[in-house]
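Here is the structure we will look at, set down as structure tokens.
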Amino acid sequence: MTFDQILLLYVYQHKKISLNLFGTIELEGAIPDPEIIRKEKQLPIEGLKFNFDPHVITDEAFIHFYAFEKGRIIPLSASDIEAQLLMARQIVNIGNPYEIAGLGKIVKMDNGKLTMLPGFFTIPPISGSGRPAVLRERVQQAPLPKVDRKEEKAASNRKIGQMLVISGGVLVVALIVWAIFKFVLPMMKGKADQAEVSISPTTEDTTSLTVVSPNSAADSSSQVQPTDSTSLLNWKAYIAETSKKPFADDKLKRYKSFGHNVELETLDTNRFLIFINLQSTIADTARQRDSLARFFAYPVSIIPKNP
């Protein structure tokens, strides 16, 4: 089952849920029988309430419910739910509605707050249909017929001979490659360097790296520093931002419980940044940033960490 299907099944069973970044959804009306929903097709939802509160904490019961339906551990389920909610909030923030089939659409109003428009009832999925298939015990097969000892020994000798031939071939190729890198390439490089020195003056390497901080408060600490692109450096990867200290502390605690090496950076009383400490070469920072952005569903920024 998808995240939306598990969410719908939970609301139909418990009538109420709190979701971080959104608020509380409550369904006061009765849920019609599946046969009625199947016959009516477009049966409107009545008694749907939505209380917008982006700082509310996701219900712990829903995390356990999601873990049961997916067949996953609790920490992984909590991380999955958080990523789904971050992605849904980004959809709403750019002006598109986030539709939960069987409940309604969450939309952003002109004043920046969120509201929920009731939709139509749908038949919820069957509980447990999203869990992975249970592994079954392998059926024992009849034993293989015995092989003649002489034939088995001959086959073993043939395999050993083949392995020796393959190993010898690999060794020869390795020696050839080693000789090329050890003797041929240095000789060619020396000739090329000598030719280059003879026709062009020596120029000083002026390559430099400019690192820009992801926020205006850290711009003053950004410097232009020449560095080797293959050197292993310390970096800060910013994965979350909030204006509420309790909300920042809660996210920091949750990330640490998942085993992430995270820290909290306070720019002022209304801006709190959470970052991951990592080591990477300059050439590998783009890959690291894209990987973290996909995992945390957040536009990650990476800046050098002061020693």
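Rule-based calculations on the coordinates, nothing more; no lab input. Small disclaimer: the values here were computed from a predicted structure and weren't measured. Every residue, glycine as well, gets a Cβ built from its backbone with ideal geometry; the counts of neighbours run over all protein chains shown.
Residue by residue, what Karplus-based ³J(HN,Hα) values in Hz, rounded to whole numbers, does the range 47-56 have, using 6.51, -1.76 and 1.60 with θ = phi - 60° and x for Gly and Pro?
The phi angles translate into x, 8, 10, 9, 10, 6, 7, x, 9, 5 Hz.
Would you give the gap between the C-alpha center of the range 66-115 and the C-alpha center of the range 243-307, rounded to a whole Å?
Cα centroid of the range 66-115 versus Cα centroid of the range 243-307: 21 Å apart.
Would the range 3-118 count as rounded, prolate or oblate if I go by the C-alpha gyration tensor, calling it rounded below 1.5 in a/c and otherwise prolate when a/b exceeds b/c, oblate otherwise?
oblate
Rank the residues 63, 6 as a footprinting-exposure proxy: fewest other Cβ atoms within 10 Å of their Cβ go first. Mind dumping the intermediate values first?
Numbers: 63 18, 6 23.
Going from sparsest to densest Cβ surroundings: 63, 6.
Starting at the first residue of the range 269-280, write each ³J(HN,Hα) from the Karplus equation 6.51 cos²θ - 1.76 cosθ + 1.60 with θ = phi - 60°, in whole Hz, x for Gly and Pro.
Along the range 269-280, the couplings run 6, 10, 8, 10, 10, 10, 9, 9, 7, 8, 10, 6 Hz.
Contour minus end-to-end for residue 163 and residue 52, with contour as 0.36 nm per residue of separation and end-to-end as the Cα-Cα distance?
So the chain would gain 33.1 nm between residue 163 and residue 52.
Take 122, 266 and order them by how many other Cβ atoms sit within 10 Å, fewest up front.
Details: 122 19, 266 12.
Fewest-to-most ranking of 122, 266: 266, 122.
Within 10 Å of each residue's Cβ, count the other Cβ atoms and sort 46, 99 from fewest upward.
Ordered by Cβ neighbours within 10 Å, fewest first: 46, 99.
In the range 20-49, which trypsin sites (Lys or Arg not before Pro) are in a loop and have at most 15 other Cβ atoms within 10 Å, using DSSP for the loop call?
41
Each residue of the range 294-304 in turn: what ³J(HN,Hα) in whole Hz from Karplus with 6.51, -1.76, 1.60 and θ = phi - 60°, glycine and Pro shown as x?
My calculation for the range 294-304 gives 5, 5, 8, 6, 8, x, 5, 10, 10, 10, x Hz in order.
Can you give the net charge of the other residues whose Cβ lies under 11 Å from the Cβ of residue 107, counting K and R as +1 and D and E as -1? Before the final figure, lay out the partial values.
Details: positive: 105, 108, 113; negative: 99, 110.
Around residue 107, the surrounding residues sum to +1.
How much net charge surrounds residue 278 when only the other residues with a Cβ under 12 Å from the Cβ of residue 278 are counted, with Lys and Arg +1 and Asp and Glu -1? List each step's numbers first, then the result.
Details: positive: 236, 287, 289, 305; negative: 263, 284.
After counting each charged neighbour, the total is +2.
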